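To start, the structure under review is shown below, and the notes come after it.
Bear in mind these aren't lab numbers, they're just calculated from the coordinates by the rules spelled out. If you're wondering where the values come from, they're calculated on a predicted model, not measured in any experiment. All Cβ positions, even for glycine, are placed from backbone atoms using ideal geometry, and neighbour counts span all protein chains on display.
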Amino acid sequence: MERFYRALSAADGRSAAAFVIPAKRGIGPFNEINISRFYGSFQRPLQIRSIRPIDASLVEAKYSYRVSRTTCEGTAIVETERIGRETFIRRIRANC
């Protein structure tokens, strides 16, 4: 999970999308170009505050970033899915 959020911090859509389940890669918010454009537009890049497991398939990520004058202090609940020996992101619910 930490590598995914580091890729977002760097606006690296290609690397970030690689952590998403194959069925959702390239679609909407999980599209590599969309990720790079969105996270690359921030005045202050995403900074990870903490990442902690909630249970076997849920992870909480706390972060901050600034798009304009307002800073987002966000929390995301990330649902993961195990495929073979790898764990991928299935869904993200974030408050900003």
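Taking the Cα centre of the chain as origin and charging only Cβ (+1 Lys, Arg; -1 Asp, Glu), how large is the dipole, in debye to the nearest 20? Write out the running numbers ahead of the final one.
On the way: 17 positive and 9 negative charges, 38 e Å.
It works out to roughly 180 debye.
Segment 1-42: D in µm²/s via Stokes-Einstein (Kirkwood Rh, Cα pairs, 25 °C, 0.890 mPa s)? Intermediate values should be presented prior to the final figure.
Numbers: Rh = 9.7 Å.
Diffusion coefficient, whole number: 252 µm²/s.
So the label point goes 7 Å from the Cα of Arg85 along Cα→C-beta, right? Which residues of segment 6-20 then have their backbone N under 18 Å from it?
Those under the cut-off are 19.
Before rounding to the nearest 500, sum -39500 (n - 2.57) across all DSSP H runs of length at least 4 in the chain and divide by the residue total; then give [θ] at 222 nm in deg cm²/dmol. Before the final figure, lay out each step's value.
Numbers: 3 runs with 22 residues, N = 96.
Rounded to the nearest 500, the figure is -6000 deg cm²/dmol.
How far is it, in nm, from the label point at Phe42 to the one at Thr75 when both lie 7 Å from their Cα along the line to the Cβ?
Roughly 1.8 nm, to one decimal.
5 Å is the cut-off here: which amide hydrogens, built 1.01 Å from N in the peptide plane, fall below it relative to Gly26, excluding neighbours closer than 5 in sequence?
Those qualifying (amide H under 5 Å, at least 5 residues apart or on another chain) are Asn31, Glu32.
Taking the structure as given and computing Rg/Rh (Cα atoms, Kirkwood Rh), which label from (1) 1.15; (2) 0.95; (3) 0.93 fits?
Computing Rg/Rh (Cα atoms, Kirkwood Rh) and matching it to (1) 1.15; (2) 0.95; (3) 0.93 gives (2).
Tell me, what ³J(HN,Hα) does each residue in segment 82-96 have, in order and in whole Hz, if you take phi through Karplus 6.51 cos²θ - 1.76 cosθ + 1.60 with θ = phi - 60° and put x for Gly and Pro?
Using θ = phi - 60°, the values come out as 8, 10, x, 9, 9, 10, 10, 7, 9, 7, 10, 10, 10, 8, 6 Hz.
How many angstrom lie between the C-alpha centres of segment 21-60 and segment 61-93?
Cα centroid to Cα centroid, the span is 5 Å.
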